[in-house]
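> Sharing a structure with you now.
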Amino acid sequence: LTGVLDDCLCDIESIDDFNTFKIFPKIQKLQERDYFRYYKVNLKRPCPFWADDGHCSIKDCHVEPCPESKVPVGIKAGSSNKYSKAANNSKELEDCEQANKLGAVNSTLSNQSKEAFIDWARYDDSQDHFCELDDERSPDAQYVDLLLNPERYTGYKGPSAWRVWNSIYEENCFKPRSVYRPLNPLAPSRGESFYTWLEGLCLEKRVFYKLISGLHASINLHLCANYLLEETWGKPRWGPNVKEFTRRFDPVETKGEGPRRLKNLYFLYLIELRALSKVAPYFERSVVDLYTGNGHEDAESKALLLDIFRDTKSFRMHFDEKSMFAGDKKGAKSLKEEFRLHFKNISRIMDCVGCDKCRLWGKLQTQGLGTALKILFSEKEIQSLPENSPSKGFQLTRQEIVALVNAFGR
């Protein structure tokens with residue numbers, strides 16, 4: 001795959017070089033640190049759109065939740081249900097109230113700062129969320145160690161998996177039904193050609209489609225790269241499956257569709273890279289800590305994150321999001337809102353994925369992309385952040401930060 005990407009002035013070779021030598025080694029290290037490896041997720045939310053097909057019974061679909069004792073104490077302090085049974089003893093009651101106060105506040109902040117910022121937690125920022133967020137206080141929400149539950153091919157496929165992707169593309173990519181999308185390029189074409197239609201769309205709607213296609217390509221690539229090859233003596237062996245990769249991405253086997261999918265993956269990378277470069281000022285403030293309770297590790301994690309931000313700012317061919325939503329104010333505002341609601345719907349469809357491991361990584365990557373979009377549309381708010389106190393205009397929860405970094409890492 002070579003050459004320039006559509007809708008931006010960036011070529012694939014430059015992204016490859018930049019990622020391989022600067023970004024990838026550091027982001028891999030960051031993902032291994034405690035702050036970024038524990039993600040709280042509710043895998044039991046019912047599918048809001050159709051009756052559940054029942055969960056995947058393949059053992060590799062299973063997600064192993066993390067025992068509470070393994071989760072660093074500073075991360076758990078951000079969860080108010082830790083002391084749900086208030087004891088009679090007044091010391092424990094005080095502890096419980098204290099935990100509830102801490103739990104109400106953004107857990108990126110250091111413990112010292114938390115006390116002062118209780119008011120801030122009352123700010124309802126649902127207006128700028130691109131994702132349906134899991135309620136972290138739900139008894140069904142559990143911490144998962146992402147390093148112990150890697151994204152890979154579990155055997156989940158067929159009608160249930162197809163239905164999820166079809167409903168994402170058919171109902172959420174601004175596409176009229178008369179236009180046929182070549183998800184299966186061997187099927188007979190009908191109606192208006194998909195790509196003629198796509199080229200005729202405004203930039204924003206084209207970008208939306210490419211982001212979803214890029215996310216789809218990213219997930220498919222991980223499944224091909226970490227595929228269950230064989231099981232000997234009850235022990236699975238995972239590795240790259242070239243045949244599966246060819247089936248999904250080869251230009252001949254996909255009638256030219258594969259390279260487009262891969263280009264959209266690069267486009268997704270550019271969008272998330274741009275978001276990281278834009279959100280740097282939020283983290284550069286001394287008031288924000290990647291708090292786990294281990295001061296030394298927290299300082300190292302923050303230094304590594306800021307180092308990655310410096311690299312992202314040095315990239316010379318960023319996507320220019322200023323070209324988006326730049327028309328007349330009223331039209332731009334309603335288009336942005338439409339964009340947000342379509343994306344929010346996609347995040348809800350992730351609760352319809354029948355395999356828990358696929359659901360976990362689908363939710364995490366969707367939330368990561370939703371967080372990237374939230375950042376790109378909050379530039380003014382980020383630029384006017386106060387140095388020593390939180391801003392009512394823009395904030396990120398720990399969940400959003402973990403999702404952003406891990407989705408970009410993927």
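> With Gly409, Gly362 as the choices, which residue is touching a helix residue (DSSP H, G or I) at 6+ places or on another chain (Cβ under 8 Å), over 14 Å from Phe130 (Cα atoms), open to solvent by less than 10 Å² (accessible area, probe 1.4 Å) and not β-branched (Val, Ile, Thr)?
Of Gly409, Gly362, the one residue that is touching a helix residue (DSSP H, G or I) at 6+ places or on another chain (Cβ under 8 Å), over 14 Å from Phe130 (Cα atoms), open to solvent by less than 10 Å² (accessible area, probe 1.4 Å) and not β-branched (Val, Ile, Thr) is Gly362.
> Let me ask something else. Determine whether region 320-339 contains at least one residue that is open to solvent by 20 Å² or more (accessible area, probe 1.4 Å), of a type outside the set (A, V, I, L, M, F, W, C), assigned to a loop (DSSP other than H, G, I, E, B) and on the phi > 0 side of the Ramachandran plot.
no
> Can you name the residue in region 223-243 that is outside any helix (DSSP H, G or I), under 14 Å from Gly155 (Cβ atoms) and open to solvent by less than 40 Å² (accessible area, probe 1.4 Å) and is also modelled with the highest pLDDT among such residues?
Within region 223-243, the match that is modelled with the highest pLDDT is Asn241.
To keep it simple, each residue is scored yes or no on (1) open to solvent by 20 Å² or more (accessible area, probe 1.4 Å); (2) farther than 25 Å from Tyr153 by Cβ; (3) out of contact with any Gly (no Cβ under 7 Å at 6 or more places or on another chain); (4) among the aromatic types (Phe, Trp, Tyr).
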site: Thr366; (1), (2), (3), (4): no, no, yes, no
site: Pro386; (1), (2), (3), (4): yes, yes, yes, no
site: Gly393; (1), (2), (3), (4): yes, yes, yes, no
site: Ala403; (1), (2), (3), (4): no, no, no, no
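Here is a yes/no grid of residues against (1) small (Gly, Ala, Ser); (2) touching a Leu at 6+ places or on another chain (Cβ under 8 Å); (3) not in a strand (DSSP E or B):
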residue	(1), (2), (3)
Asp7	no, yes, yes
Asp16	no, no, yes
Pro25	no, no, yes
Lys40	no, no, no
Pro48	no, no, yes
Ala51	yes, no, yes
Val63	no, yes, yes
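> Quick one: is Lys255 open to solvent by 30 Å² or more (accessible area, probe 1.4 Å) and free of Cβ contacts under 8 Å to residues at least 24 places away in the same chain?
Details: open to solvent by 30 Å² or more (accessible area, probe 1.4 Å): yes; free of Cβ contacts under 8 Å to residues at least 24 places away in the same chain: no.
No: the conditions fail for Lys255.
> With respect to the numbered conditions (1) in contact with a Pro (Cβ under 7 Å, 6 or more places away or on another chain); (2) outside any helix (DSSP H, G or I), which one is the sole condition not fulfilled by Pro259?
Tallying (1) in contact with a Pro (Cβ under 7 Å, 6 or more places away or on another chain); (2) outside any helix (DSSP H, G or I), Pro259 fails exactly one: (2).
The values are calculated or read from the model by the stated rules, or taken from the named source; none is laboratory data. For clarity, every value in this text was computed on a predicted model and none was experimentally measured. In this analysis, Cβ positions are derived from the backbone assuming ideal geometry, glycine residues included, and neighbour counts consider all displayed protein chains. These accessible areas exclude ligands, DNA and RNA; they are computed on the full protein's heavy atoms, side chains included. Shrake-Rupley method; radii C 1.70, N 1.55, O 1.52, S 1.80 Å.
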